[in-house]
1. Could you report the accessible area of residue 174 in Å², rounded to 10, computed with a 1.4 Å probe on the protein chains as they sit in the structure?
2. Tell me, Kirkwood radius of the range 51-120 from alpha-carbon pair distances, in Å?
3. Using a 1.4 Å probe and ignoring any ligands, DNA or RNA, find the accessible area of residue 10 and quote it in Å² to the nearest 10.
4. Could you give P(r) for the range 153-201, binned at 10 Å from zero, as whole percent values over all Cα-Cα pairs?
5. Return the ratio Rg/(2.2 N^0.38 Å) for the range 75-201, where Rg is computed over Cα atoms only.
6. With labels modelled as points extended 7 Å from the Cα through the Cβ direction, what inter-label distance (nm, one decimal) is found for residue 16 paired with residue 73?
7. Hey, what's the chain come to in accessible area per residue, 1.4 Å probe, Å²?
8. Spit out the partnerless Cys residues in the chain, using Cβ distances under 4.7 Å as the pairing rule.
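The values are calculated or read from the model by the stated rules, or taken from the named source; none is laboratory data. A quick note: this is a predicted structure, and the numbers were derived from the prediction, not measured. Here the Cβ positions follow ideal geometry from the backbone for every residue, glycine too, while neighbour counts run over all protein chains shown. Accessible surface areas use protein heavy atoms only, side chains included; no ligands, DNA or RNA. Shrake-Rupley method; radii C 1.70, N 1.55, O 1.52, S 1.80 Å.
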Amino acid sequence: KPLISKNSVMEITNINQLDLNKTYTFADYLLWRFKERVELIKGKILKMSPAPAPNHQRIARKLSLNLGNFFENKSCEFFFAPFDVRLPNKTGEILTVVQPDLCVICDRNKIDDKGCLGAPDLVVEILSPGNSKKEMNLKFSLYEESGVSEYWVVDSSEKFILIYSLENGEYISRKPVADGEMLQSINFPDLRFSTEGLFEF
């Protein structure tokens, strides 16, 4: 039986209560209490893959150590999933809520008790089997138009990292960082580390 919130608004406890063809907002998203992990892309529900596979988690942990150490005691702040990033559209309406694997936010005013409101300065997504197409297509366009200034796509199966930087509203791709090479951020040039061992499990 669905729970009733203090505002007498029905909380959704089963994803099957939702119409996947309907357009939803962040206010709707806050009422969802089901176990499935979802993101909201321009009002449409996007089911995330189940809990990430161990290799995905291992890569995320290794990258987190590098990013966490680099941004420790700096003005920019580092976060990892699950962490809600709300991306308002041009009219200010919030129809998009994503959970990047890793992200860095330099404007502390964007951070509140619900996560981040607005584009992070750096987003890292680690591709998992089955979500590659989603990450490459949907999120590439989404992060580009939302103004995420640097975007890394980590391909664990092919063992390389693609780095995109935003220039004049469009992403420019850099040479892929192959396994074992040095990775250097575009917007944070001092953020530089070897990918040696990143894909070894």
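1. About 80 Å², ignoring ligands and nucleic acids.
2. Numbers: mean 1/r = 0.0766 Å⁻¹.
Answer for the range 51-120: a Kirkwood hydrodynamic radius of 13.1 Å.
3. The value for residue 10 is about 100 Å².
4. Calculated over all Cα pairs of the range 153-201, the distribution is 26, 52, 20, 2 percent.
5. Numbers: Rg = 14.4 Å, N = 127, 2.2 N^0.38 = 13.9 Å.
Taking N as the residue count of the range 75-201, the ratio is 1.04.
6. 5.5 nm
7. Numbers: 10920 Å² over 201 residues.
I get 54 Å² per residue for the chain.
8. Here 103, 116 come out as lacking a disulfide-compatible partner, given the Cβ-Cβ threshold of under 4.7 Å.
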